[in-house]
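A short worksheet on the structure shown next.
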Amino acid sequence: MRLAVISPFLDRQHGTELCIIEQIERLASEHNCEIHLYSQRVQDVRELRPVTDLAENSPGSIFWHKVPNIPGPHLLNYLWWFLANHWQRWLDRRSGRVRPDLVYSPGINCLDADVIVVHIVFHAFYEQLRSELVLRRVPLRSWSRLIHRKLYYKLIMFLERRIYRDLGVQLVAVSSLVAVQLKSHFQRADVTVISNAVDTTRFTPEARQGKRIGSRKLFQYVDNEFVILLIGNDWKKKGLHTLLMALGLLKDLPLRVLVVGSDDPDFYRPLLDQIVFRDRIRFEKPSADVLCFYAAADLYVGPSLEDAFNLPILEAMACGLPVIASVYAGSSENIIDGQTGILLEDPQDHTLLAQLIRQMFNDEVMRGRIGGAAACSIHANCSWDRNVKETKKLLESTLQLVPNI
């Protein structure tokens with residue numbers, strides 16, 4: 001099978017992009033697929049080959065067709081990317097260099113995708129943000145940025161309506177939550193759910209314990225401190241505000257918070273001053289060695305307001321780290337409440353979250369039991385091998401429906 005995979009960039013620091021890397025590496029090496037990757041930037045993809053190596057038949061290979069980029073605001077970049085990858089693929093088809101069997105895209109990157117993996121439904125996301133996108137509610141100096149965001153969201157929503165309603169496009173949801181949203185907004189009852197997965201050879205309780213001493217030393221945590229971890233970009237959506245408010249009710253406990261992501265911490269400084277907690281929180285940029293964050297922590301807390309999946313929840317569970325997760329995170333579908341994790345029904349209820357954190361802090365036996373059960377569950381049910389087998393099966397069935405050109 002020859003696949004054209006369309007993604008503006010790929011690296012292992014972002015959830016969606018990490019998932020695509022894990023899939024294409026296995027499709028190439030284990031299932032002999034020929035992958036043609038159309039991206040502007042690619043990092044950390046194993047066995048990546050330049051287009052100059054392209055032969056008539058190259059099964060089991062991944063070729064990078066580099067799409068040019070331009071500077072400018074995000075909306076302009078997206079429009080350029082959308083047109084540029086179309087143009088480059090048209091040129092490759094016309095020259096006869098690449099004639100893919102299927103076009104595979106994470107999200108909306110083109111108009112001609114045969115299979116789209118939906119990691120976020122912007123119609124649902126926009127409903128959550130609508131009240132924050134009113135001009136009169138923000139200072140005049142912020143209007144240009146707000147207008148830019150609204151235009152970008154409106155464009156994506158227009159494309160969602162056009163593309164997701166096309167029954168000729170096979171939609172894959174990364175969680176049942178996303179599938180429900182696709183049915184609600186676009187009347188697509190035929191969506192296939194293939195849950196994201198975890199590298200179960202890398203994220204293990206043994207690996208986490210082996211790095212614990214070094215990681216705690218790296219972040220300067222002492223033995224009696226209880227470290228709470230949250231990982232992800234868009235901290236507002238990830239529920240950081242709720243977590244910080246909960247910590248304000250737990251000042252009597254020796255808690256430390258490790259927040260990992262690319263957002264601006266200064267936005268949360270006033271809140272930290274308000275709850276007198278600034279000296280207990282540490283902000284870190286994403287790292288390829290994400291395991292060091294899980295190793296340093298005692299508890300993972302993910303009170304997402306809305307999250308199509310939230311891969312760090314699964315990674316934490318695979319490491320044997322006990323988790324408190326919002327039911328509005330797609331990955332929470334993998335949690336049995338009270339057995340393999342704790343589910344937070346209302347991600348804005350900081351009082352309840354504080355109670356759950358206190359319970360976890362006080363009960364080491366419960367933490368060990370939940371963390372151990374979580375690791376067993378994830379390793380049994382959420383491996384990339386299983387994800388890729390399901391993905392390959394779906395691609396093969398889709399290929400039967402695509403007319404030969």
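The values are calculated or read from the model by the stated rules, or taken from the named source; none is laboratory data. Predicted model only: the values in this text are computed from it and were never measured. Cβ sites come from the backbone with ideal geometry, for glycine too, and all protein chains shown count toward neighbours. Please note that ligands, DNA and RNA were not included when accessible areas were found on the heavy atoms of the full protein model with its side chains. Shrake-Rupley method; radii C 1.70, N 1.55, O 1.52, S 1.80 Å.
Go through the range 1-21 and report how many residues are open to solvent by 10 Å² or more (accessible area, probe 1.4 Å) and either closer than 15 Å to L102 by Cα or not hydrophobic (A, V, I, L, M, F, W, C) (or both). Total satisfying the criteria: 9.
Here R130, R99 are screened, and the one residue that is among the basic types (K, R) and in contact (Cβ under 8 Å) with a residue 40 or more places away in the chain is R99.
Applying a threshold of 8 Å to beta carbon distances and a minimum spacing of six or more residues, or different chains, the list of pairs starting in the range 73-93 at a residue that is open to solvent by 80 Å² or more (accessible area, probe 1.4 Å) and ending at one that is assigned to a helix (DSSP H, G or I) and at pLDDT below 95 reads H74/H148; H74/Y152.
Residues of the range 62-88 being in contact with an Asp or Glu (Cβ under 8 Å, 6 or more places away or on another chain) and closer than 20 Å to T52 by Cβ, which ones?
Answer for the range 62-88, where residues must be in contact with an Asp or Glu (Cβ under 8 Å, 6 or more places away or on another chain) and closer than 20 Å to T52 by Cβ: I62, F63, H65.
Every listed requirement among (1) touching a Phe, Trp or Tyr at 6+ places or on another chain (Cβ under 7 Å); (2) closer than 20 Å to F361 by Cα; (3) crowded, with 16+ Cβ neighbours inside 10 Å; (4) not acidic (D, E) is met by G261 save one, (2). Kindly evaluate V402 against the criterion of being touching an Asp or Glu at 6+ places or on another chain (Cβ under 8 Å), open to solvent by less than 20 Å² (accessible area, probe 1.4 Å) and either at pLDDT 95 or above or outside any helix (DSSP H, G or I) (or both). The answer is no for V402.
Is the range 383-393 home to any residue that is without any contact (Cβ under 8 Å) to a residue 12 or more places away in the chain and not in a helix (DSSP H, G or I)? No; the residues of the range 383-393 include none that is without any contact (Cβ under 8 Å) to a residue 12 or more places away in the chain and not in a helix (DSSP H, G or I).
Just one of the listed residues (L102, L111, L140) is open to solvent by 40 Å² or more (accessible area, probe 1.4 Å), at pLDDT 95 or above and of a type outside the set (S, T, N, Q), namely L111.
Reported count of residues in the range 371-397, each being among the basic types (K, R) and buried (at least 21 other Cβ atoms within 10 Å of the Cβ), is 0. So L271 passes all but one of these: (1) within 25 Å of the chain's Cα centre (by Cα); (2) open to solvent by 10 Å² or more (accessible area, probe 1.4 Å). Which condition number does it fail? Every condition holds for L271 apart from (1). Residues in the range 274-290 that are under 27 Å from the mean Cα position of the chain (by Cα), of a type in the set (A, V, I, L, M, F, W, C) and modelled with pLDDT under 90: A288 only.
Scanning the range 263-286 for residues that are touching a residue at least 40 places away in the same chain (Cβ under 8 Å) and over 20 Å from F226 (Cα atoms) yields a single hit, P286. Only one entry of V301, V388, V323 meets the criterion of being under 19 Å from the mean Cα position of the chain (by Cα), under 30 Å from R2 (Cα atoms) and modelled with pLDDT of 95 or more, and that entry is V388. At least 2 residues being within 21 Å of the chain's Cα centre (by Cα) is the threshold, and among the strands (runs of 3 or more DSSP E) wholly inside the range 29-140 those reaching it are 34-39, 102-106, 115-118.
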